[in-house]
Each structure stands twice: as structure tokens, then as C-alpha cells.
Amino acid sequence: MNDVNNALKMDFISSAVLKSQSSIEKISMIMERVKKGEILVIEGGLEPEEEAELIETTMREIDVESFVGIDIYTLEKDEASFFGLSKKKTVGITIIGPANIMKQVKRKSNFISMVASLGDSDASMY
């Protein structure tokens, strides 16, 4: 039997889905899912203005009993530009989740390692 109360739900979202949404729709969708205790893995990332608005929205909605905030991690990749002479960084994936679940995150230039802990979190799960 699958115990959904101790399950970790991760949603993988393509960049095509995000491109079809307005900034408000993206932030609303992210907040709704993260408040349920979900972790989102997004292909690409948010625009800097959208990420700032997401952080502002999070700060307004923090409730120490049910929602303690979010963590955002990005994994960048190098892209050659101008005949390969210079490199620019582009976002490969972005991971967004509840701060009380995303316990240990190690980030290096080419990988992200995350340990999520459900046992002591009060976030609601699917």
C-alpha cells in the first residue's frame, strides 16, 4: 500500500508550458503547488522580474504554522556565443519547493543534489 502522507510529489514542467502563461499565472501556479508541499522542476527558469515577484509573493504569504517559504535553485549551463570565443550562462533547470522540505542542497557548476525531508514537515502533501 502506498502511503501518500509521506510521499514526495515532484512535478516536471516544460518550458513550453511556462511560455504560454503570463507572469501572474506562472507565479500563481508555482505558489499553489509549493504551498501543497510539492517540488517543481522547471525546464529553464523564470525571468528575473518573475523570480523577484515570486519571492515578494512568498514573503507576503508566509505563515509559520502552514507555509514557511520557498527555496529556489538553478542549474546553469554554458552556451558558446560569438564563434565559440565567449560563453554565456543560461538556465538549464530550476527547482522550486517548500523551504521546510528541501533540507540539504549541494550545488556545483554542473549538478544539484537535494535531500528532501518529509518526516518533520507540517506542509500538506498530496
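The values are calculated or read from the model by the stated rules, or taken from the named source; none is laboratory data. All figures in this text were calculated on a predicted structure; none of them were measured in a lab. Glycine also receives a Cβ, built like all others from the backbone with ideal geometry; neighbour counts cover every protein chain displayed.
Exactly one residue out of ASP78, ASP11 is at pLDDT 85 or above, of a type outside the set (A, V, I, L, M), out of contact with any helix residue (DSSP H, G or I) (no Cβ under 6 Å at 6 or more places or on another chain) and in a strand (DSSP E or B): that is ASP11. So for the stretch 61-73 (the condition being over 14 Å from MET102 (Cβ atoms), within 12 Å of the chain's Cα centre (by Cα) and in contact (Cβ under 8 Å) with a residue 12 or more places away in the chain), does at least one residue qualify? Looking for residues that are over 14 Å from MET102 (Cβ atoms), within 12 Å of the chain's Cα centre (by Cα) and in contact (Cβ under 8 Å) with a residue 12 or more places away in the chain, one finds none in the stretch 61-73, hence no. Can we say GLU56 is within 13 Å of the chain's Cα centre (by Cα), assigned to a helix (DSSP H, G or I) and not small (Gly, Ala, Ser)? No. Looking only at residues of the stretch 21-47 that are touching a helix residue (DSSP H, G or I) at 6+ places or on another chain (Cβ under 8 Å) and of a type in the set (Asp, Glu), we find that the one that is farthest from THR94 (Cα to Cα) is GLU47. Only a single item in (1) in contact with a Ser or Thr (Cβ under 9 Å, 6 or more places away or on another chain); (2) loosely packed, with under 11 Cβ neighbours inside 10 Å; (3) at pLDDT 80 or above is not met by ALA16, and it is number (1). Look at LYS35 and say whether it is in contact (Cβ under 8 Å) with a residue 24 or more places away in the chain and out of contact with any His (no Cβ under 8 Å at 6 or more places or on another chain). Taking the combined requirement at face value, the residue satisfies it. Only one entry of ILE55, ILE39, ILE24 meets the criterion of being over 19 Å from TYR73 (Cα atoms) and either touching a strand residue (DSSP E or B) at 6+ places or on another chain (Cβ under 6 Å) or surrounded by fewer than 16 Cβ atoms within 10 Å (Cβ to Cβ) (or both), and that entry is ILE24.
Test of understanding: among ILE30, ILE42, which residue is closer than 20 Å to ILE101 by Cβ and part of a helix (DSSP H, G or I)?
That would be ILE30, the only listed residue that is closer than 20 Å to ILE101 by Cβ and part of a helix (DSSP H, G or I).
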